[in-house]
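First up is the structure itself, then whatever we jot down about it.
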4 protein chains.
Amino acid sequence: MAELSNQYLEEVVKACRPYSSGGSVVDYIPGLDQSHSTDLGVTIVTMDGEVYGAGEKTNAFPLQSVSKIITLMLALEDFGKETVFQKVDMEPTDDAFNAIRNLEEDEKQLPHNPMINSGAIAVASLIKGNDVEEKFGRLLDFVYKITCNDQIEMDEEVYQAEQKNGARNRALAYFMESLGIISTDELEDALDLYFRLNSIKTNSLDLAKIGCFLANHGKSIEDDSYVIDPSHVRTVKAIMLTSGMYNESGTYAVEVGFPAKSGVAGTIVGTVPGKMGIGIYGPAINKKGNSVAGGRVLRTLSRELCLNLFHG
Amino acid sequence: MAELSNQYLEEVVKACRPYSSGGSVVDYIPGLDQSHSTDLGVTIVTMDGEVYGAGEKTNAFPLQSVSKIITLMLALEDFGKETVFQKVDMEPTDDAFNAIRNLEEDEKQLPHNPMINSGAIAVASLIKGNDVEEKFGRLLDFVYKITCNDQIEMDEEVYQAEQKNGARNRALAYFMESLGIISTDELEDALDLYFRLNSIKTNSLDLAKIGCFLANHGKSIEDDSYVIDPSHVRTVKAIMLTSGMYNESGTYAVEVGFPAKSGVAGTIVGTVPGKMGIGIYGPAINKKGNSVAGGRVLRTLSRELCLNLFHG
Amino acid sequence: MAELSNQYLEEVVKACRPYSSGGSVVDYIPGLDQSHSTDLGVTIVTMDGEVYGAGEKTNAFPLQSVSKIITLMLALEDFGKETVFQKVDMEPTDDAFNAIRNLEEDEKQLPHNPMINSGAIAVASLIKGNDVEEKFGRLLDFVYKITCNDQIEMDEEVYQAEQKNGARNRALAYFMESLGIISTDELEDALDLYFRLNSIKTNSLDLAKIGCFLANHGKSIEDDSYVIDPSHVRTVKAIMLTSGMYNESGTYAVEVGFPAKSGVAGTIVGTVPGKMGIGIYGPAINKKGNSVAGGRVLRTLSRELCLNLFHG
Amino acid sequence: MAELSNQYLEEVVKACRPYSSGGSVVDYIPGLDQSHSTDLGVTIVTMDGEVYGAGEKTNAFPLQSVSKIITLMLALEDFGKETVFQKVDMEPTDDAFNAIRNLEEDEKQLPHNPMINSGAIAVASLIKGNDVEEKFGRLLDFVYKITCNDQIEMDEEVYQAEQKNGARNRALAYFMESLGIISTDELEDALDLYFRLNSIKTNSLDLAKIGCFLANHGKSIEDDSYVIDPSHVRTVKAIMLTSGMYNESGTYAVEVGFPAKSGVAGTIVGTVPGKMGIGIYGPAINKKGNSVAGGRVLRTLSRELCLNLFHG
């Protein structure tokens, strides 16, 4: 078993970086292009507050789908499990993250889970607030509490792009309106909120802190007080394990064995209950939408630091 | 936190048994009918060899889908991960356990995972042996080693019923032949083996021992020697967590939080890594195919004995 | 073979009216409710200008899906076959009229045909005009020319209802935008136009004239001049035969054997090439969306007046 | 309008043959390979018994899917419409000819129509006879009566290949057994019969006679007596128009406008009610499974001889 240190992480990044050649950077996120294809940054925050990092660990990037766990946590805290899971199911799916198929075909016409676009939009429609600014403000405050970083903000350019390219997400939202999952009144705010959340700018340290917050059962890293109910954190981690890595979640459960959530910017939040949070930035992603080099980092850490939950 | 004892289990069974009224017993398994609809039996075997039980714990029933984890373990031991997962994927699905849809529609024309019928038949086609008797003999020997019970045998009547009602499974097998997943030569043996495996007669103690074997990383309960490679056991547990409880696997990940596999006879094997194996028999099942009262038992044990892996 | 007359049609209506008990009136069209469930009106206009009618032949109702053939004709006349069929395919489907599935799943990501909602919205996006008023004005003018009735207008209340309940159609439009079938600029006009077209108020005489116009190869009933190219009329009739009666089109091809198009208000336009147009109003519809008594009328006329094209 | 003659057909074949470069010959039919890719043969038999031909009109090839109309006619004659259409629907589909999806997903779990593999196997299960030899003998006799050619026989080599490569069709048959559409007892005979029917060896004259028989409402070409009920012939023609050309049936309805049925050997039977039968052999097929040059011939004949039913 390896020992966690900056030097150890440097070696991991060095060994995993070449795998990025097996992926490519998406072309629709402002600020992200092929020039970043070999970037790889990792930060780990342990439960006792130690921070380790290596590679392009301070690069900033939009949260994208990683925001889905933020929205889910706040919605659970606002409304409780019962209400949230009337708008969205908690089952894994073999459909793509932006799929609409099941809303039409399944007997239970609900988004499969909160980790896919339809599910996240449905959850976003729940967030309390008088208008979208207030709702987004509440979510941003929640991110501050989790990361102890109140400098985090939305990337305006990314937000514009999200809106401009939002037709597929609009289709999901209107389809859900037609099913009665989202009301006509909620729809525009839910979409706007969803686009804003995707555009929140963070770095690998912020992601590691989110992972650590989950590992720490919802307690603040600063003062060990509960920010949200620990049962909600457990729920989020379970859903991350079965559904957090898009259509590769099953493979990650086998090969990594702890909860993780990825975003198309090539980011991953990993969380090892009771141990640590892991933040990864590696923008070259594979066809399933996951960071290639980042996934290699997670596998290496799981194996060498014995982090696999199924090992016992 | 509750303390594990026979008396404690009696209380759990007493509290959970009434939930069986929310399910019904399948009508196509010889020996199982509505007269058993309120049956509920639980056995727990801990890592240090203690055995606890309550309810109809000695009733015998066919393994049905629980056999899928047995076949997967032996195939992994025979061939290793790479070969096995060329015949079957390891991703959870929202399809039914007997679905054929994805074989036709997905770009990657493979069974989603080894916990659904198509996947289990594909895995069965791998088992080594000169003929189906030898192959089944090897699997039965493997069950003896896991359970330390060499009295386990196939229920001939159930086997006849499996064959008679096997059209859907035959369709899956021939579809996989048409895709080149199973060869013409392998097909009949794979199906026969699959039907036999479903017909193996066990009780809740046997199931608990299977769960304990998994919890114990593949070591024999008797002499602590490795029966199979521990990495294969880890793989099986991860797949059980994401896919073991049919289309309710995500809900079980959230509400129970440790690997489990169910069968339509109303059985469940639960496994808590490093801690214990749980065997449940409760034949009244819900629409998803899972024991209603049995599922209630798992939720209760997880909560009261703090067995949820995501709790840390 | 029966002889066409008012008296004959009265007998047909009398014999077919009781079948309406096998259907029900939709509840979301203003002005239409269960009190109309036994209504049945038929008008026939022959190529030589004779008009026959029986039953509630003067009742007014919105065009709904019958408008799909109007839009298709004008788009074909405006742009020609090649351009139109780059936006929509011409193949029948087993999907529902409001399905979105194929847009996601098919290799060729196009609406199946112009007779289903997605296809009709795509065709509506083509209609020329500076704004939606001008576009709708052009379509209304076209209806005047076909029916020689310039009193036809939109039912404002129906239009409001179409917009209010338009979420599913919005989902289809946005999904098509995400596929590049409809541009962002075209989308709102296409939807608005689609809702207006559905709301055009007509009676069975108007429908019969539309059918007669098709039977007459696109010539005006008044002066025998070509209003549109006859090849476009042939195209529309062929598509009506394979796809005009929702998921019952195959059955109508067998049992009626000439082109027809139905609407959820319980209307049907039938067209017998070279012979006559048939307009039917019978608001009790079956699960497939077709007028039950109206379908019975079509079958009777086809058989008793020898109108089946496959008979030779 | 062109005049039908041997010379005219020679010109049509000459003009259409080059289109065969846009298709390719399937590689799994014994006796058919790329050396035949530019073959194109056409025979027309008119209602008054005239025969015209051009190109490779005497080449022999297996019936393949063209046999589906033979089976359907005999089943309708044996049992009538009601019984046959309890085993199979009569609706067109956008699924592939060998699709299994709808059997699993549709509410009405029936093959879409008798022109796709599942539907044809279901219909084959109906054919009367004590054993498969007798059943096949009856079908062959029926082919003799239609074509007035008792030299027609099965190609043994093709039959062997059909059986060897029959896994997909077996999957369809077993899936239908699981749904109760085909009984366990009927299954093997239905499949065997289906494979034999696909292997019947014919030439373009035989095909043209089949088409003429359909055009002639089921009367024998020889003595004008009814071989089968004309209403069944009408049914078959209607289904050919909506579903006979695989997933291109809608396009053929628009561009050709009379009933036709194709086979993967590159064959087409066309039938113009009251006028003529057309037999085409042109083995280079497109992705949809239809003869490229053969389809071009049909379009040309329809246009130049005014055969489009929708023209009136």
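Here are the numbers for the structure shown:
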{"quantity": "A:Glu50 being in contact with a strand residue (DSSP E or B) (Cβ under 9 Å, 6 or more places away or on another chain) and surrounded by fewer than 23 Cβ atoms within 10 Å (Cβ to Cβ)", "calculated": "yes"}
{"quantity": "The lone exception for A:Leu241 - which of (1) more than 7 Å from every other protein chain (Cβ to nearest Cβ); (2) among the aliphatic types (A, V, I, L, M); (3) within 15 Å of the chain's Cα centre (by Cα) it fails", "calculated": "(1)"}
{"quantity": "Residue list for the stretch A:272-302, restricted to those being within 10 Å of chain B (Cβ to nearest Cβ) and either at negative phi or buried (at least 20 other Cβ atoms within 10 Å of the Cβ) (or both)", "calculated": "A:Val272, A:Pro273, A:Lys275, A:Lys287, A:Lys288"}
{"quantity": "Total residues in the stretch D:179-216, condition farther than 17 Å from D:Leu72 by Cα, hydroxyl-bearing (Ser, Thr, Tyr) and crowded, with 22+ Cβ neighbours inside 10 Å", "calculated": "2"}
{"quantity": "Candidates B:Thr71, B:Thr58, B:Thr38 - the one that is over 30 Å from A:Asp106 (Cα atoms) and not in a loop (DSSP other than H, G, I, E, B)", "calculated": "B:Thr71"}
{"quantity": "Unique residue being more than 20 Å from C:Gly129 (Cα to Cα) and either in the same structural domain as C:Leu191 (by TED's automatic domain parsing) or not charged (D, E, K, R) (or both) when the list is C:Thr71, C:Thr93, C:Thr83", "calculated": "C:Thr93"}
{"quantity": "Among the residues listed as B:Ala54, B:Ala60, the single one being in contact with a Lys or Arg (Cβ under 7 Å, 6 or more places away or on another chain), in contact (Cβ under 8 Å) with a residue 40 or more places away in the chain and not assigned by TED's automatic domain parsing to the domain that holds B:Gln151", "calculated": "B:Ala60"}
{"quantity": "Of all residues making up the stretch D:247-269, the number that are farther than 23 Å from D:His217 by Cα and either touching a residue at least 40 places away in the same chain (Cβ under 8 Å) or away from chain C (no Cβ under 14 Å) (or both)", "calculated": "7"}
{"quantity": "Residue count, the stretch C:24-51 (criterion: of a type in the set (Ser, Thr, Tyr) and free of Cβ contacts under 8 Å to residues at least 60 places away in the same chain)", "calculated": "1"}
{"quantity": "Candidates A:Gly22, A:Gly31, filtered to the one that is of a type outside the set (S, T, N, Q) and under 21 Å from the mean Cα position of the chain (by Cα)", "calculated": "A:Gly31"}
{"quantity": "Selection status of C:Glu188, more than 30 Å from D:His232 (Cβ to Cβ), without any contact (Cβ under 8 Å) to a residue 60 or more places away in the chain, more than 14 Å from chain D (Cβ to nearest Cβ) and not hydroxyl-bearing (Ser, Thr, Tyr)", "calculated": "yes"}
{"quantity": "Qualifying residue in the stretch D:139-153 (condition: closer than 30 Å to B:Asn169 by Cβ and among the polar types (S, T, N, Q))", "calculated": "no"}
{"quantity": "Residue in the stretch B:217-237 that is within 13 Å of the chain's Cα centre (by Cα) and either at the interface with another protein chain (Cβ under 9 Å from one of its Cβ atoms) or crowded, with 24+ Cβ neighbours inside 10 Å (or both) present", "calculated": "yes"}
{"quantity": "Number of positions in the stretch D:74-88 that are part of a helix (DSSP H, G or I), within 19 Å of D:Tyr194 (Cβ to Cβ) and within 13 Å of chain C (Cβ to nearest Cβ)", "calculated": "3"}
{"quantity": "Unique residue being hydrophobic (A, V, I, L, M, F, W, C), over 18 Å from D:Gly294 (Cβ atoms) and surrounded by 20 or more Cβ atoms within 10 Å (Cβ to Cβ) when the list is D:Leu40, D:Leu32, D:Leu76", "calculated": "D:Leu76"}
{"quantity": "Given (1) of a type in the set (S, T, N, Q); (2) buried (at least 18 other Cβ atoms within 10 Å of the Cβ); (3) at pLDDT 95 or above, number of the condition C:Gln163 does not satisfy", "calculated": "(2)"}
{"quantity": "Enumeration of residues in the stretch C:1-10 that are free of Cβ contacts under 8 Å to residues at least 24 places away in the same chain and of a type in the set (D, E, K, R)", "calculated": "C:Glu3"}
{"quantity": "The lone exception for B:Asp94 - which of (1) under 27 Å from A:Asp106 (Cβ atoms); (2) touching a Lys or Arg at 6+ places or on another chain (Cβ under 6 Å) it fails", "calculated": "(2)"}
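The values are calculated or read from the model by the stated rules, or taken from the named source; none is laboratory data. Predicted model only: the values in this text are computed from it and were never measured. With ideal geometry, Cβ positions are generated from the backbone for all residues, glycine too; neighbour counts draw on all protein chains shown.
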